[in-house]
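A.B. asks: Would you mind keeping the following structure in view while I ask a few things?
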Amino acid sequence: MSNWINFPAFAGIAIALWLVTMGIQLTNNKQKDLIIWISGWLGVVALGAFIGLLWHTLERPPMRTLGETRLWYSFFLPVIGLFTFARWKYKWLLNYSIVMAVVFLGINYMNPDTYNKTLMPALQSPWFVPHVIVYIFSYAILAASSLVAVYGLYQYYYSTFNHKNLELANNLVYLGFGFLTLGLLFGALWAKEAWGHYWTWDPKETWAFLTWMAYLVYMHLRYRHPAAVKSPLWSLALAFVVLLICWFGVNYLPSAQQSVHTYTN
Amino acid sequence: MTKTIHQEAKKAIQKPLWVFPWQYKESFLVAAGILLTGLALQVSTGQELQPLIFPYNAIFMTVFWAGIAGVHFAFKNNSIVKWLRSVPASISSIVLVVFLVMIMGSIPQANFTQGVEKDIFGFSHMTTSWPFNLAMFFFLLTLGFTTINRVFPFQKRNIGFILNHFGLWLTVVSATMGAGDLERLMMDLYEGKVEYRAYDDQGNMQEMPIAFKLKDFKLDEFTPKLGIVNNKTGNLYLEEGNSMRMIEENSPYELMGWEFEVKKYFYESVRLSNGRYEPVNEMGAAPAAKVIARNLATGQTKEGWVSSGSFRRQFEGLPLTDEFSLIMTLPEAKKFSSEVEVFTYKGEKSQAVLEVNKPLEVEGWKVYQLSYDSNRGRWSTLSVVELVRDPWLPIVYLGIAMMLLGAIDIMWTGYKQKNNHE
Ligand code: HEM
């Protein structure tokens, strides 16, 4: 039986719990932080349970279709938001990540995925799961870092810039960039096993490489000019544009007809 | 803090162009010059660059590295050398590469897509164009000078830096240089026959030091799916979660206002003259299912057989209305493999199974299961394998291993605010 039928129930529970996470911040409740932490994680668990059940019924990792990858983003974004909240108390980042996760769940609700158990032989590899998880995790963290940049630019132009934001962006970028490197390299090692060569400048590979280079620009600007504000923020915001093209846009570019990685038909 | 930025900015404004130390302006002008030179060379030669083959690639790589090291030690404090290992030069080279790769990633590439017309600037065959290769050279030059400056004198705290920067340099240089020595060939294996000839993508035949005898080609399939097709356009209806539904007996589901239930399913069957299907075990037997469809609005029911057909059998659909029919898709491949006997020129003989994602290694070649006669599916007696030889792979993997460790270092240490940069 198709598991996607249960999707609205699980997603609804997760969203309700996350609304508590956000709503409680408006009150003066003394246990606020604890409630944020608990409801946030319970929401993550609800979504995680759905992913687990889906994995079980599909008899393959649910990482093939766009709808399935959106599930993972909705899962990881709040995780990152909760960790940064616990570590640095950034409420706005937590809220943004929750809103993003809810948007992804909404997209999945509007465009139900076709229930599809098949998995082409090239994807049946021990590299499949680590490659995809590491990528999705990295994109989610880098997306969060770019949100920090956009927020910082807003502060810079319309109110007073808080330098702490750049430190947060840095922490996120270093973590996300490390995962992105792992994702790229796992992909290369896997491609060698599956397709005979580790790098073919396939459009999807090409754009992943561009994303990687774009974040390099930010890292080096930050290193060279630790006190600068405007240029690193802009470079981080631009890197996000490249990331978005890599993620959504590649399928629509003229070059996409040659990609081995666009599995959607 | 803002004060220091303003001072830096002021200094940059006051310093006339091309007076050392070069900053971003000079760096980007150099990058633009490299781009223009590349374009001019491409337009005037009109040729694709050919990759170097052994030993020229090995010589080039050695000279490149020795040259960087030599210049570094001889002219360590020369202003241009200092500039080459500076962040402004690096960023301009990164941006130049990004610019060209963005073009490559956006327009179809001749080496990938058939029938792409080559343009005069080389943008449609980017990896073999002058602009791209000059840009990469500039990129690797700045990366090389940056790296060597931190390798000597060696300091423990620079290990992460060296892993990242030297790892990348090694990976990119050896992958580029190795391209000329990479061989990719294909072989058509027919059941029961010994084959020792392989052909490249141009169709040139060559004899190999290894031979294969295909003993058996095996293909497992997923259960086929049911879907609804528009009789006139032939398009599949894909709007709902159940649009393409894998066959499962006695498990009713809803789609497009109908309820469907598969009553009987045979993986291998034959159609009898009375319209029914019976299971058989013979070549070309096709999957078939008996389905009951009930219109949820009118209660009208339709009952009948659908079959995906095969290279030997007719396909059959179940008309629901004048416009739509229920159909069965051809089963998709789940796993395919070739059982082979392997012979080497030394006279050794062995058995092996080739499978997707599980290449075999013999005599320096990696052998991949590539494809089969898709028309005949699991009755294919042809198995196409690919043979790949890449003698530079160990160096590339060394670079990749360094970068993997470097990535872990980046995540572990994170950003350290340094105040002792040049
Ligand atoms: C694997 C990708 C890369 C990573 C992870 C990386 C990371 C870093 C880090 C963390 C630093 C700061 C060093 C420190 O804290 O001591 C740095 C410095 C630097 N990087 Fe990179 N980088 C990468 C690629 C590149 C590339 C491609 C270039 C040049 C084209 C480059 C040029 C530089 C330069 C010039 C510096 C300053 C070095 C100095 O002042 O001694 N890096 N890099």
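The values are calculated or read from the model by the stated rules, or taken from the named source; none is laboratory data. Quick caveat: nothing in here was measured; it's all calculated off a predicted structure. Neighbour counts are summed over all protein chains in view; Cβ atoms, including those assigned to glycine, are modelled from backbone coordinates with ideal geometry. Just so you know, the surface numbers come from the protein's heavy atoms only, side chains and all, with ligands and any DNA or RNA stripped out. Shrake-Rupley method; radii C 1.70, N 1.55, O 1.52, S 1.80 Å.
A.B. asks: What part of the accessible area of chain A, given as a whole %, is carbon or sulfur when the probe is 1.4 angstrom? Write down the numbers at each step before the final one.
C.D. replies: Details: 7220 of 10540 Å².
The nonpolar share, carbon plus sulfur, comes to 68 percent.
A.B. asks: Also, quick follow-up: How big is the dipole moment of chain B about its Cα centre under a simple scheme where the beta carbon of each Lys and Arg is +1, that of each Asp and Glu is -1, and everything else is neutral? Debye, nearest 20, please. Before the final figure, lay out each step's value.
C.D. replies: Values: 41 positive and 42 negative charges, 399 e Å.
The dipole of chain B has a size of about 1920 debye.
A.B. asks: Could you compute the net charge surrounding B:LEU214? Neighbours are other residues with a C-beta less than 10 Å from the C-beta of B:LEU214; K and R count +1, D and E count -1.
C.D. replies: On the way: positive: B:LYS193, B:LYS213, B:LYS215; negative: B:ASP188, B:GLU191, B:GLU195, B:ASP216, B:GLU339, B:GLU341.
Here the count lands on -3.
A.B. asks: Using the Karplus curve 6.51 cos²θ - 1.76 cosθ + 1.60 with θ = phi - 60°, what ³J(HN,Hα) values do you get for each residue of the stretch B:198-215, in whole Hz, with x for Gly and Pro?
C.D. replies: With the stated coefficients, the stretch B:198-215 comes to 10, 10, 9, 6, 8, x, 6, 7, 8, 8, 10, x, 10, 10, 10, 10, 6, 8 Hz.
A.B. asks: What is the sum of charges, Lys and Arg at +1 and Asp and Glu at -1, for the other residues whose Cβ falls under 13 Å from the Cβ of A:ILE24?
C.D. replies: Net charge around A:ILE24: +2.
A.B. asks: Tell me the relative contact order for the stretch A:14-156 as a rounded percent, counting alpha carbon contacts under 8 Å between residues six or more apart.
C.D. replies: Details: 116 pairs, mean separation 32.8, N = 143.
Computed value for the stretch A:14-156: 23 percent relative contact order.
A.B. asks: Would you work out if the protein assembly as shown is rounded, prolate or oblate? Take a ≥ b ≥ c from the square roots of the eigenvalues of the alpha-carbon gyration tensor; rounded if a/c is under 1.5, else prolate when a/b is larger than b/c, oblate otherwise. Don't skip to the answer; put the middle values down first.
C.D. replies: Working: a/c = 2.36, a/b = 1.31, b/c = 1.80.
It is oblate, given that a/c is not under 1.5 and a/b is not larger than b/c.
A.B. asks: With contacts defined as alpha carbon pairs under 8 Å and 6 or more residues apart, what's the relative contact order of chain A in percent? Let's see the in-between values first.
C.D. replies: Values: 287 pairs, mean separation 40.8, N = 265.
Relative contact order comes out at 15 percent.
A.B. asks: Could you look at the stretch B:109-202 and say what percent of its accessible area is carbon and sulfur, using a 1.4 Å probe and all protein chains?
C.D. replies: Answer for the stretch B:109-202 is 60 percent, counting heavy atoms of protein chains only.
A.B. asks: Still on this model: Rounded to the nearest 500 deg cm²/dmol, what is the calculated helix-only ellipticity per residue at 222 nm for chain A, with -39500 (n - 2.57) per DSSP H run of length n ≥ 4? Don't jump to the answer; show the numbers that get you there.
C.D. replies: Details: 8 runs with 190 residues, N = 265.
Rounded to the nearest 500, the figure is -25500 deg cm²/dmol.
A.B. asks: Might you work out the accessible area of B:PHE266 for me, using a 1.4 Å probe with all protein chains in place, and round it to the nearest 10 Å²?
C.D. replies: Solvent-accessible area, nearest 10 Å²: 40 Å².
A.B. asks: Then there's this: Students often forget the sequence filter, so: which lysines lie under 21 Å Cα-Cα from B:LYS225 once same-chain residues fewer than 8 apart are removed?
C.D. replies: A:LYS117, B:LYS263, B:LYS264, B:LYS290, B:LYS302, B:LYS334, B:LYS335
A.B. asks: In debye, nearest 20: dipole of the stretch A:28-149 around its Cα centre with unit charges on the Cβ of K, R (+) and D, E (-)?
C.D. replies: Working: 9 positive and 4 negative charges, 69 e Å.
Dipole of the stretch A:28-149, to the nearest 20 debye: 340 debye.
A.B. asks: Can you give me the span-like helices of chain A, meaning DSSP H runs with 18 Å or more of Cα extent along the axis and Kyte-Doolittle mean at or above 1.6? Display every interim value, and only then the final one.
C.D. replies: Details: long enough: A:7-23 (23 Å, 1.85); A:32-58 (39 Å, 1.45); A:66-88 (32 Å, 0.73); A:91-110 (28 Å, 1.29); A:128-158 (45 Å, 1.24); A:164-195 (45 Å, 0.73); A:203-224 (32 Å, -0.11); A:230-247 (26 Å, 1.77).
Passing helices, by number: A:7-23, A:230-247.
A.B. asks: OK, next. At 1.4 Å probe size, what's the solvent-accessible area of A:ILE35? Round to the nearest 10 Å².
C.D. replies: Probe radius 1.4 Å; accessible area of A:ILE35 about 50 Å².
A.B. asks: Taking the simple approach of a point 7 Å from Cα along Cα-to-Cβ for both B:LEU236 and B:TYR267, what is their distance in nm?
C.D. replies: 2.1
A.B. asks: While we're here: Residues of the stretch B:364-399 losing 50 Å² or more of accessible surface, assembly versus chain alone, probe 1.4 Å, please list them.
C.D. replies: B:TYR368, B:TYR397
A.B. asks: How many partner chain Cβ atoms sit within 10 Å of a residue's Cβ in peptide B:66-79, on average, as a whole number?
C.D. replies: Working: counts 0, 0, 0, 0, 0, 0, 0, 0, 0, 0, 0, 0, 0, 0.
Shielding by partners across B:66-79 averages 0.
A.B. asks: Related question: B:LYS76: which aspartates and glutamates have alpha carbons under 16 Å from its alpha carbon, excluding same-chain residues fewer than 8 sequence positions away?
C.D. replies: Correct list for B:LYS76: B:GLU422.
A.B. asks: Helix hunt in chain B: which complete DSSP H runs extend at least 24 Å axially by C-alpha with mean Kyte-Doolittle at least -0.5? Write out the running numbers ahead of the final one.
C.D. replies: Values: long enough: B:24-45 (31 Å, 1.10); B:56-74 (26 Å, 1.29); B:87-106 (28 Å, 2.27); B:130-151 (31 Å, 1.14); B:159-178 (26 Å, 1.36); B:393-413 (29 Å, 1.80).
Span-like helices here: B:24-45, B:56-74, B:87-106, B:130-151, B:159-178, B:393-413.
A.B. asks: So, one more: Report, as an integer, the average count of C-beta atoms from other chains found within 10 Å of each Cβ along A:216-227.
C.D. replies: On the way: counts 6, 6, 0, 2, 6, 3, 3, 6, 8, 5, 7, 7.
For peptide A:216-227, the averaged partner shielding equals 5.
A.B. asks: Averaged per residue, what accessible area in Å² does the stretch B:320-415 show with a 1.4 Å probe, protein chains only? The partial results should precede the final answer.
C.D. replies: Values: 4510 Å² over 96 residues.
Result: 47 Å² of accessible area for each residue.
A.B. asks: Run the numbers on the stretch A:45-99 and let me know its relative contact order in percent, using alpha-carbon pairs under 8 Å that are six or more apart.
C.D. replies: Values: 30 pairs, mean separation 13.6, N = 55.
Relative contact order here is 25 percent.
A.B. asks: Per residue, how much accessible area does the stretch B:180-247 have with a 1.4 Å probe, in Å²? Present the calculation step by step, with values, prior to reporting the outcome.
C.D. replies: Numbers: 3520 Å² over 68 residues.
Solvent-accessible surface per residue comes out at 52 Å².
A.B. asks: In a shell of Cβ-Cβ distance under 14 Å around B:GLN42, excluding B:GLN42 itself, what net charge do Lys and Arg (+1) and Asp and Glu (-1) give? Don't skip to the answer; put the middle values down first.
C.D. replies: Details: positive: B:LYS118; negative: B:GLU48, B:ASP119.
My count for the surroundings of B:GLN42 gives -1.
A.B. asks: Follow-up. Can you spot the lysines whose alpha carbon is less than 29 Å from A:LYS230's alpha carbon? Ignore those fewer than 8 places along the same chain.
C.D. replies: A:LYS89, A:LYS91, A:LYS164, B:LYS3, B:LYS10, B:LYS11, B:LYS15, B:LYS25, B:LYS82, B:LYS416, B:LYS418
A.B. asks: How much accessible area is lost when chains A and B come together, counting both sides, with a 1.4 Å probe, in Å² rounded to the nearest 100?
C.D. replies: So the buried area, both faces added, is about 5900 Å².
A.B. asks: Restricting to DSSP loop positions (anything but H, G, I, E, B) with no more than 15 other Cβ atoms inside 10 Å of their own Cβ, which trypsin sites (Lys or Arg not before Pro) remain in the stretch B:97-191?
C.D. replies: Numbers: sites: B:LYS118, B:ARG150, B:LYS156, B:ARG157, B:ARG184; in loops: B:LYS118.
Listed in order of number, the matching sites are B:LYS118.
A.B. asks: So, for the stretch B:1-155, what is the accessible surface per residue at a probe of 1.4 Å, expressed in square angstrom? Please list the in-between numbers first.
C.D. replies: Working: 8440 Å² over 155 residues.
Result: 54 Å² per residue.
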